[in-house]
Amino acid sequence: MNKSDFTDKLSKDFYLADVLTVAKNLLGKTFVKAGSNKILSGKIVEVEAYNGLMDEASHSFNGMTKRNEIMFKQGGLLYVYFTYGMHFCSNIVTGKEGDGCAVLIRGIEPIDGIKQMAKNRYGKTALTGKENINLTNGPAKLTQAFGIGRKDNGIDMTGNEIYILDSKNIHSKKISVSKRIGIKKSVDLPWRFYITDNPFVSGK
DNA sequence: ATCAAGATTACCT
DNA sequence: GGTAATCTTGATA
């Protein structure tokens with residue numbers, strides 16, 4: 001057993017829990033993309049839960065299709081979808097096979113690889129203050145910053161390419177709860193969670 | 001075969 | 001605050 005076998009990567013079990021629990025517990029954790037290039041990482045500061053067959057707003061509500069099939073697999077996979085003809089968004093599948101639950105990552109505070117993120121977003125590395133905030137303060141923005149796309153749909157988050165590092169849960173007093181953003185069905189469900197006052201929480 | 005809508009963003013006034 | 005951009009998917013015929 002070598003040194004790299006000791007990691008604090010979130011294990012499969014973490015993702016098998018209830019989607020609302022996983023969503024809240026993901027706040028403050030470090031999202032990492034290792035892959036081929038430089039390491040990119042950031043702190044998850046905003047998420048939304050999509051609760052499978054219970055949830056009209058979820059992609060999985062009407063059952064499995066070619067688009068959402070990853071959502072129906074066992075928790076711990078990355079679900080990437082394309083929308084509005086131009087954007088990709090990143091989700092973490094939760095629960096057991098067939099649940100169709102996932103957590104949309106809506107905001108990340110960059111840690112490592114900020115220059116690469118800037119390049120992915122703007123094609124340059126010198127950014128204005130506004131561009132720095134806009135790097136990762138929205139679901140499609142952070143997905144672009146991390147260079148995540150169609151090819152990453154279905155990646156196993158317990159592998160070495162894209163994963164999340166464990167850390168202490170954020171205290172519930174620092175977590176805000178609200179309605180989800182940008183949906184037209186089940187609009188009143190309080191399934192958006194974010195770290196209060198963090199600047200990388202998407203606008204509203 | 002056709003069509004409307006979409007878990008958004010950037011840019012405009 | 002308003003809306004164009006842009007194209008895939010899923011539903012309907």
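The values are calculated or read from the model by the stated rules, or taken from the named source; none is laboratory data. Keep in mind it's a predicted model, so treat the numbers as computed, not measured. As a convention, Cβ positions derive from the backbone with ideal geometry for all residues, glycine included, and neighbour counts pool all protein chains shown.
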Out of the residues in segment A:129-142 meeting the condition of being touching a helix residue (DSSP H, G or I) at 6+ places or on another chain (Cβ under 9 Å) and in a helix (DSSP H, G or I), tell me which one is nearest to DNA strand C (Cβ to nearest atom). A:LYS141
More than 13 Å from DNA strand B (Cβ to nearest atom), closer than 23 Å to A:VAL201 by Cβ and either crowded, with 23+ Cβ neighbours inside 10 Å or modelled with pLDDT under 95 (or both), is that true of A:GLY75? no
Sole exception among (1) among the polar types (S, T, N, Q); (2) in contact (Cβ under 8 Å) with a residue 40 or more places away in the chain; (3) out of contact with any Ser or Thr (no Cβ under 8 Å at 6 or more places or on another chain) for A:SER90, by number: (3)
If you take just the strands (runs of 3 or more DSSP E) that sit entirely in segment A:158-204, which of them hold at least 1 residues that are surrounded by 12 or more Cβ atoms within 10 Å (Cβ to Cβ) and within 15 Å of DNA strand B (Cβ to nearest atom)? A:175-178, A:192-195
Would you be able to say whether some residue in segment A:62-72 is β-branched (Val, Ile, Thr), without any contact (Cβ under 8 Å) to a residue 12 or more places away in the chain and farther than 18 Å from A:ILE155 by Cβ? yes
For segment A:146-155, check the following and say yes or no: at least one residue is within 16 Å of DNA strand B (Cβ to nearest atom), in contact (Cβ under 8 Å) with a residue 60 or more places away in the chain, touching a Pro at 6+ places or on another chain (Cβ under 9 Å) and not polar (S, T, N, Q). no
Would you tally the residues in segment A:99-122 being more than 24 Å from A:THR196 (Cα to Cα) and out of contact with any strand residue (DSSP E or B) (no Cβ under 7 Å at 6 or more places or on another chain)? 8
Unmet criterion (only one of (1) within 16 Å of DNA strand C (Cβ to nearest atom); (2) without any contact (Cβ under 8 Å) to a residue 24 or more places away in the chain; (3) β-branched (Val, Ile, Thr)) for A:THR21: (1)
